[in-house]
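What follows is a set of notes on a single structure, which appears directly below.
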Amino acid sequence: DAAVSAAANWKAGVKPDFTLGLDSAIFSESGDTANVDVPLWLQGLTLRRPAGGVFTFAAGGGNLILGNGGITADEARADAARCYTNDVPTTIGDTQTWLLPSENSVVVQNGARAGSENATLLVTGNGDLHLKADNSAFSGTMDFSVSDDASCSGVVAHVWHPHALGGPDGITRVGAKYVTSLGKRTAKLVFHGTNEIDRALDFYGDDSTRFA
């Protein structure tokens, strides 16, 4: 049983406090599934799998609430492909960053909502984000950015659903940056089977490509 509610499934038998949103957690050095059977309220989480590993947050009747710590895929493990799948309803409880380094993919298969209409989800790095769910309940800003780090070439966001980028009251931003000696770096949107976007798109930054 991979239930997150079971202390035995946590290192040394000590599980985080899921009720206050002050603790962070690491998933997962060994197991490949976390059965989210209770509300899982965390300040943030770190994704850390062995090389070539896969990990799934499996639907078990609970939900995931993320605070300003967001999601960090361990940059020290950008040496081989890793895939993390979230099949759990998720609340973006506060403005936060998802950092996805090279060789790391995150697949969102269940809907996300904003805990605050002013919440911003900032996604950066060199990895891939696959948005496969209806995220129309997310009314905040979704920002795919290029950081000041010279190694950041821009995340690739794969859009698989007409409402994957959020609801019509919000905005999705796609950034670009010119890095000396490296040239233009830009985040990318890749559409799979849909081009129906019912929210504003803003392409910003250095020499951004824009719609007319």
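Values quoted throughout were computed directly from the atomic coordinates according to the rules given, and no laboratory measurement underlies them. Treat the numbers as computed from the prediction; the structure is a model and nothing was measured. Neighbour counts are summed over all protein chains in view; Cβ atoms, including those assigned to glycine, are modelled from backbone coordinates with ideal geometry.
Quick look at the values:
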| read-out | value |
| --- | --- |
| Candidate lysines for bridging to K177, where Cα separation is under 22 Å - those fewer than 8 sequence places away on the same chain excluded | K188 |
| Nonlocal amide H pairs with T56, under 5 Å, H built at 1.01 Å | T33, A34, T85 |
| Volume per residue of the C-alpha convex hull in the chain, rounded to whole Å³ | 117 Å³ |
| Eligible aspartates and glutamates near K184 by straight Cα distance, threshold 20 Å, same-chain separation 8 or greater | D128, D143, D148, D149, D202, D206, D207 |
| Under 17 Å from the Cα of K11 - aspartates and glutamates, other chains or at least 8 residues apart | D1, D23, E29, D32 |
| Convex hull volume per residue in cubic angstrom - Cα atoms of the range 11-73 | 78 Å³ |
| Sequence-distant residues sharing a close amide H with V88 (under 5 Å, placed H) | Q109, N110 |
| Label-point gap, in nm, between Y178 and D134 - each point 7 angstrom along Cα→Cβ | 4.4 nm |
| For H158, distant residues with modelled amide H under 5 Å away | L129, H130, L131, V190 |
